[in-house]
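K.L.:
Sending over a structure as structure tokens; questions will come in a sec.
The values are calculated or read from the model by the stated rules, or taken from the named source; none is laboratory data. Predicted model only: the values in this text are computed from it and were never measured. Here the Cβ positions follow ideal geometry from the backbone for every residue, glycine too, while neighbour counts run over all protein chains shown. The area values use the complete protein model at the heavy-atom level, side chains included, leaving out ligands, DNA and RNA. Shrake-Rupley method; radii C 1.70, N 1.55, O 1.52, S 1.80 Å.
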Amino acid sequence: ISPTGFTNLGSMGFSLGDFEGNAVPVDERLLEDFGRHLPIGPIATVATCSGTDAAAAEVVRRTGALAEAMEGAAVVHAARRLRVSAIEIRAISNTTGDRKLQQWDIQAGLAAMAAAMGKVLRSQS
């Protein structure tokens, strides 16, 4: 964040890797395979999770992301550098925005992940 708004690494002269922009590309084959069974969309990588509605809305405005996360892009980026196929699969266990209004349900998130992986695995057999 700068006095004029969000400044991405590219505009500061830094490259994230062998791709343009700030979006770390996932393996296209995995995206196609998983996309047949699961909702897909961008996940914003954040250094701090949004604790206000305004901060959450700004992340959505800037990125179009369906969710916020901290780890996935780093894992996909490392895999990409090692030339290993990777994709981030995320089950949502909580909302963002005003901390007092956030809702958490870790069990539902874990159940959603298990159900999603079950769909994918059944389709591969």
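K.L.:
On each of the three principal axes of the Cα atoms of the chain, give max minus min coordinate, whole Å, ordered largest first.
P.N.:
53, 40, 19 Å, listed from the longest principal axis down.
K.L.:
Sticking with this structure for a sec: Round to a whole number: what % of the accessible area of the chain belongs to carbon and sulfur, probe 1.4 Å?
P.N.:
Numbers: 5230 of 8870 Å².
Of the solvent-accessible surface of the chain, carbon and sulfur hold 59 percent.
K.L.:
Per residue, how much accessible area does the chain show when a 1.4 Å probe rolls over the protein heavy atoms, in square angstrom? It would help to have the intermediate numbers written out before the result.
P.N.:
Working: 8870 Å² over 125 residues.
Heavy-atom accessible area per residue stands at 71 Å².
K.L.:
Compute the distance in nm between two label points, each set 7 Å from the Cα along the Cα-to-Cβ direction, one at Leu38 and one at Val75.
P.N.:
My value for the distance between the label points is 0.9 nm.
K.L.:
Continuing with the same structure: Top to bottom by accessible area (1.4 Å), largest first, where do Glu32, Glu68, Glu58, Glu20 land? Before the final figure, lay out each step's value.
P.N.:
Numbers: Glu32 115, Glu68 35, Glu58 65, Glu20 170 Å².
Largest accessible area first, the residues go Glu20, Glu32, Glu58, Glu68.
K.L.:
With the radius of gyration and the Kirkwood radius both derived from the Cα set of region 9-49, what is their ratio Rg to Rh? Intermediate results must be reported in sequence, preceding the final value.
P.N.:
Working: Rg = 13.2 Å, Rh = 12.4 Å.
Radius of gyration over Kirkwood radius for region 9-49 works out to 1.06.
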